[in-house]
Amino acid sequence: MFHATLDSSKTWKQIVDALATLLTEAHFLIKNDGITLVQYDSSRAAMVDLFLPSGIFQEYNCKGEHEMSLGLDELVKVSKRMAGDDRLEFDLDQSQNRFEIKMIGQAERTFKIQLLTPPEERTQTISPTFEIRAEMFSDAFKQVVKDIGVVSNHIKITATKDSLGFGGVGDVGEAEVSLKLGDDSLLHDLEVKQDATSMYALSYLTEIAKAISSDSLTLRMTGNKPVLLEFPIAEGGMIRFLLAPRIERR
């Protein structure tokens, strides 16, 4: 049994849109303390890790543990029908194999979405250690992705003790962006245990940038290892994207 209510349709749309940037299906695990999702994209180059604590909901009642798999195309279409002032109610109807979303506003509308077959094995959360940790304005990261995308299909990230650099090289030229710590900096904080450089696919970072709905972003990396991008979603929730590096061939 699962039932929850949410006063903010905007929050729900942000969650669905963030997942839809890299995934075609969402495999949720619903427990007493909240809702989690840990999942690779189809190419297994990126992982999405979402946690929505029960406290972000106005009502939250879950008995037992439930797996819920949904098509994201359907979730996105339903979410687009939500009005800004709608109050949402969620119910899991296992007898009918449906996830019910009720929108309560000037009218009361109900959508029942067919559940998909969950995967045989759950993806486990990966918690690697990192040598670099940087906090920055989300808009700064989004601008970096757009700037490098003018000339390149990949972004090289270089971290030193006082700066975080982004660069790209392509057939038409090259671009560089440097963020340095300071009173007026777009970079809030930078912790570097060891200088590091790593390269990542711009296509993935472009999609991840679209998913960011918060004002700030935390980036963690180690040279030639996956990069972790995390940001808060809703009040107390968190979404993380882990992206594998592109290893340069010599």
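Bear in mind that the values in this text are calculations on the coordinates, not laboratory data. Every value quoted in this text rests on a predicted model; they were computed, and no experiment measured them. In this analysis, Cβ positions are derived from the backbone assuming ideal geometry, glycine residues included, and neighbour counts consider all displayed protein chains.
Once the Cα-Cα distance is subtracted from the 0.36 nm per residue extended length, the GLU174 to ASP215 segment shows a gain of 11.9 nm. For the stretch 54-68, backbone phi angles converted through the Karplus equation (6.51, -1.76, 1.60; θ = phi - 60°) give residue-by-residue couplings of 4, x, 6, 8, 6, 10, 8, 9, 9, 10, x, 10, 10, 9, 9 Hz, Gly and Pro being listed as x. The dipole here belongs to the stretch 132-243: it is taken about the Cα centre, uses +1 on the Cβ of Lys and Arg and -1 on the Cβ of Asp and Glu, and is about 420 debye.
Which FRET efficiency, nearest 0.05, do ASN153 and ARG133 yield, Cβ-Cβ r, R0 22 Å? FRET efficiency, ASN153 to ARG133: 0.25.
For the stretch 132-243, the C-alpha radius of gyration divided by 2.2 N^0.38 Å, with N the number of residues, is 1.00. Averaging the Cα positions of each part gives two centres, and for the stretch 1-53 and the stretch 55-131 these lie 8 Å apart. Of the labelled figures (1) 0.97; (2) 1.01; (3) 1.03, only one reflects Rg/Rh (Cα atoms, Kirkwood Rh) as derived from the coordinates, namely (2). The modelled label-to-label distance between VAL192 and GLN58, using points 7 Å beyond Cα along the C-beta direction, is 4.8 nm.
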